[in-house]
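Okay, structure first, notes after.
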Amino acid sequence: MTRRLTMAQAIIQFLKSQSVARDGREQTFFGGCLGIFGHGNVAGIGQALQQNPDFPYYLFRNEQAMVHAATGFAKMSNRLRTLVCTSSIGPGATNMVTGAALATINRIPVLLLPGDIFARRNVAPVLQQLESTASQDVSVNDCFRPVSRYWDRIQRPEQILTALPEAMRVLTSPAETGAVTLALPQDVQTEAYDYPEEFFEHRVWTIARSRADIGLLKQAAEWIRSSQRPLIIAGGGVIYSEATGELSEFASRTGIPVAETHGGKGSLHADHPQSVGAMGVTGTSAANQLAADADLVIAIGTRFSDFTTASKTAFQNPAVRFVNINVAEFDAFKHAALPLTADALQTLEELGSALSSWQVPQTYQSEIARLRTAWDEEVDRIYARRHGPPLSQGEVVGLLNTTLGPRDIIVNAAGSLPGDLHKLWRTRDPKGYHMDYGYSCMGYEVAGGLGVKMADPSREVYVLVGDGSYLMMAQEIVTSLQEKIKLNIVLFDNHGFSSIGGLSRAVGSGGFGTEYRYREEGLTGPVIPIDFAANAASLGAYAVAARTYEQLGAALADAKKQDRTSVVVVETDYNDRVPGYHSWWDVPIAEVSESQAVRAAREAYIEAIKKERYFWPAPAEKTEPVVAEQVQLAKG
């Protein structure tokens, strides 16, 4: 039996039939399609979506933004669901490249269907076509190749019979997932083919919980038992694996402290006795001091970015060893670690059984408690400041943290806010802290927040966005109003790029080119007055500006009562910032300069870089044969 459909119609029918299952829970994988129509997709994918109203279509305003929304949706869904994004050819397609890079770097599944130039070529060059003198098989969609985990150009309608299953294999693989791009020539989208009915049958893709090699698991348990100062670093994989409960129990039983990456923040409740907060460049004093002397680092579901490792300076114990638990072999082997290439939940359960009643030394437990107390006091101090107006960013974060409900979600991405939030935010829910800090993409916030709210409408979503990011990409406020999806947006107006301004000062450049000022003898004139509340109101949002601490509290309460997206604008001090704590980030500084400040910064840089380390495999140990009793022990 066959069904005659256009290629575009067949794609939508196939996508509607795909589900995933983990731990016996099944759910539809695709939640619909986000898009902007143009001549490259309106008659193909656009027509197919129109005749399939049970596969919702959402009109967006910017193609990059719709990929961000799909990423937010998938991340909020623990990578068990996602959205499709369709664009026309040319600029509509290339606008999605940044979003694809963000999704792939953060290991988040999104399916991209950009239109492409004619496969039959006879009318070339078509509108928006990039021509090459070296090949006729080139289009701007080739830009997606390095930022996609799977890339294909569909030149014949029957090619989707093999391409779509491959796309699903990658999208549903915890180890391989990221952006998947299928470039669809606009003529082929409309061509008909007799597709076999079996192609459209309901299919369930099982998300398996992979298990670690039993010998390596035994060795990891021995390393933990012999350690005196172990430290767990929890990454996003803990949350995606839904292993937060198991991690909490494991940390409580063993006494091992837990530091968190941006992706892993929320792995433990902030009040957990073993929670030492953020790790690395944007880390807490507690986590970074423990990391410096750790003799064993147990990394769970992290890719070890330079912000996590403080540019390879965080771990200074000469004898430090690493055990990496990760579904991706690529990440499991980093830092010459003992690699447990496996699911986080499964591995924590098995390690917990293997370790039985073992705990860290009492002296170490006392040190953890002391460092936790000192850090809590520092957070309280920053929250209690009454700086300005303009307010300090830290006290605004404190007001939000004490005002929001335990299931509310904050969404953020780039600038100075990620550092302050990573350090200061006291998490109460595994999904309450949603950050892009893999790609640190300005403009992610509003669109990503929209995707988060689409994934879980039952929660209040607070988008925290700096004025720089807002000016780059705020137009999906209109989409939120169109779809009646309420967001609570808090806009931090510090009149420039505060994060890079601070970095510029640190490298001796004095904040050059980072403030929003009129051009007078360079960019040194008065601050440009921008009425962000009026701007947001013009898009249809409820908007209000607050200047004092009390006004901000009242504005947040008022905004929460609204039935549509709200924007609360608060002015913050460009120059006031939360300090760093026992960490460093490698940003190379000019080796020669006419500026004394740059020369001084270079001298400090030369000293700091000496702490960067390479990590080598631990000395080989004699291994014992694995017997049946050990296998049973690991299985619990």
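Looking only at residues in region 425-453 that are among the aliphatic types (A, V, I, L, M) and within 29 Å of Glu378 (Cβ to Cβ), which one is most open to solvent (accessible area, probe 1.4 Å)?
Met442
Among residues that are without any contact (Cβ under 8 Å) to a residue 24 or more places away in the chain and either under 28 Å from Lys312 (Cα atoms) or surrounded by 16 or more Cβ atoms within 10 Å (Cβ to Cβ) (or both), Ala555 is included. Only a single item in (1) of a type in the set (Gly, Ala, Ser); (2) farther than 29 Å from Leu503 by Cα; (3) crowded, with 24+ Cβ neighbours inside 10 Å is not met by Ala286, and it is number (2). With out of contact with any helix residue (DSSP H, G or I) (no Cβ under 6 Å at 6 or more places or on another chain) and crowded, with 20+ Cβ neighbours inside 10 Å as the only criterion, which of Ser139, Ser132 stands out? So the residue among Ser139, Ser132 that is out of contact with any helix residue (DSSP H, G or I) (no Cβ under 6 Å at 6 or more places or on another chain) and crowded, with 20+ Cβ neighbours inside 10 Å is Ser139. Confirm whether Glu197 is open to solvent by 10 Å² or more (accessible area, probe 1.4 Å) and either more than 30 Å from Phe315 (Cα to Cα) or among the small types (Gly, Ala, Ser) (or both). Yes. Test Val297 against the stated conditions and say whether it is out of contact with any Cys (no Cβ under 8 Å at 6 or more places or on another chain), open to solvent by 10 Å² or more (accessible area, probe 1.4 Å) and within 19 Å of Ala618 (Cα to Cα). Against the criterion (out of contact with any Cys (no Cβ under 8 Å at 6 or more places or on another chain), open to solvent by 10 Å² or more (accessible area, probe 1.4 Å) and within 19 Å of Ala618 (Cα to Cα)), Val297 does not qualify.
Residues in region 138-166 that are in contact (Cβ under 8 Å) with a residue 12 or more places away in the chain and more than 30 Å from Tyr439 (Cα to Cα): 6 in all. Where helices (runs of 4 or more DSSP H) fall wholly inside region 1-106, the ranges with 3 or more residues that are out of contact with any Leu (no Cβ under 6 Å at 6 or more places or on another chain) and open to solvent by 20 Å² or more (accessible area, probe 1.4 Å) are 7-16, 63-76, 91-105. Number of residues in region 173-185 that are out of contact with any helix residue (DSSP H, G or I) (no Cβ under 9 Å at 6 or more places or on another chain) and either surrounded by 24 or more Cβ atoms within 10 Å (Cβ to Cβ) or in a strand (DSSP E or B) (or both) equals 1. Sub-7 Å Cβ pairs linking a first residue in region 463-488 that is without any contact (Cβ under 8 Å) to a residue 40 or more places away in the chain to a second residue that is of a type in the set (Gly, Ala, Ser) and in a loop (DSSP other than H, G, I, E, B), at least 6 apart or interchain, are Met472/Gly443, ordered by first then second residue. If you go through region 329-344 and keep only what is among the hydrophobic types (A, V, I, L, M, F, W, C) and either assigned to a helix (DSSP H, G or I) or more than 20 Å from Lys218 (Cα to Cα) (or both), you end up with Phe330, Ala332, Ala336, Ala344.
Within the set Ala212, Ala243, Ala208, the sole residue that is farther than 17 Å from Leu338 by Cβ, out of contact with any Lys or Arg (no Cβ under 7 Å at 6 or more places or on another chain), aliphatic (A, V, I, L, M) and open to solvent by 10 Å² or more (accessible area, probe 1.4 Å) turns out to be Ala208. Evaluated against (1) part of a helix (DSSP H, G or I); (2) farther than 24 Å from Trp205 by Cα, Asp194 falls short on exactly one condition, (1).
Just one of the listed residues (Gln359, Gln346) is touching a residue at least 12 places away in the same chain (Cβ under 8 Å), in contact with a Gly (Cβ under 6 Å, 6 or more places away or on another chain) and either surrounded by fewer than 21 Cβ atoms within 10 Å (Cβ to Cβ) or among the polar types (S, T, N, Q) (or both), and it is Gln359. Return yes when Val465 is outside any strand (DSSP E or B), of a type in the set (A, V, I, L, M, F, W, C) and under 14 Å from Ala65 (Cβ atoms) and no when it is not. Here the answer is no, as Val465 does not meet what is asked.
If the condition is being in a loop (DSSP other than H, G, I, E, B), at pLDDT 95 or above and more than 30 Å from Thr282 (Cα to Cα), then region 475-527 contributes Glu483, Lys484, Ile485, Lys486. Scanning region 544-567 for residues that are in contact with a helix residue (DSSP H, G or I) (Cβ under 8 Å, 6 or more places away or on another chain), outside any helix (DSSP H, G or I) and more than 15 Å from Val446 (Cα to Cα) returns Val544, Ala545, Ala546. Of the residues Asn494, Asn535, which is of a type in the set (S, T, N, Q) and either crowded, with 20+ Cβ neighbours inside 10 Å or over 16 Å from Gly468 (Cα atoms) (or both)? Of Asn494, Asn535, the one residue that is of a type in the set (S, T, N, Q) and either crowded, with 20+ Cβ neighbours inside 10 Å or over 16 Å from Gly468 (Cα atoms) (or both) is Asn494. The one condition from (1) within 22 Å of Arg613 (Cβ to Cβ); (2) surrounded by fewer than 21 Cβ atoms within 10 Å (Cβ to Cβ) that Ala259 does not meet is (2).
Checking each residue in region 363-413 for being farther than 21 Å from Ala546 by Cα, open to solvent by less than 10 Å² (accessible area, probe 1.4 Å) and either in contact with a strand residue (DSSP E or B) (Cβ under 6 Å, 6 or more places away or on another chain) or not in a helix (DSSP H, G or I) (or both) picks out Ile409, Ala413. Picking from residues in region 497-543 that are in contact with a helix residue (DSSP H, G or I) (Cβ under 6 Å, 6 or more places away or on another chain) and in contact (Cβ under 8 Å) with a residue 40 or more places away in the chain, the one that is nearest to Gln393 (Cα to Cα) is Phe497.
Among the conditions (1) free of Cβ contacts under 8 Å to residues at least 24 places away in the same chain; (2) open to solvent by 10 Å² or more (accessible area, probe 1.4 Å); (3) aliphatic (A, V, I, L, M), the only one that Ala319 does not satisfy is (1).
The values are calculated or read from the model by the stated rules, or taken from the named source; none is laboratory data. Everything numeric in this text was worked out from a predicted model, so none of it was measured. A quick note on method: Cβ atoms are made from the backbone with ideal geometry, for glycine too, and the neighbour counts reach across all protein chains shown. SASA here: full protein model, heavy atoms, side chains in, ligands and nucleic acids out. Shrake-Rupley method; radii C 1.70, N 1.55, O 1.52, S 1.80 Å.
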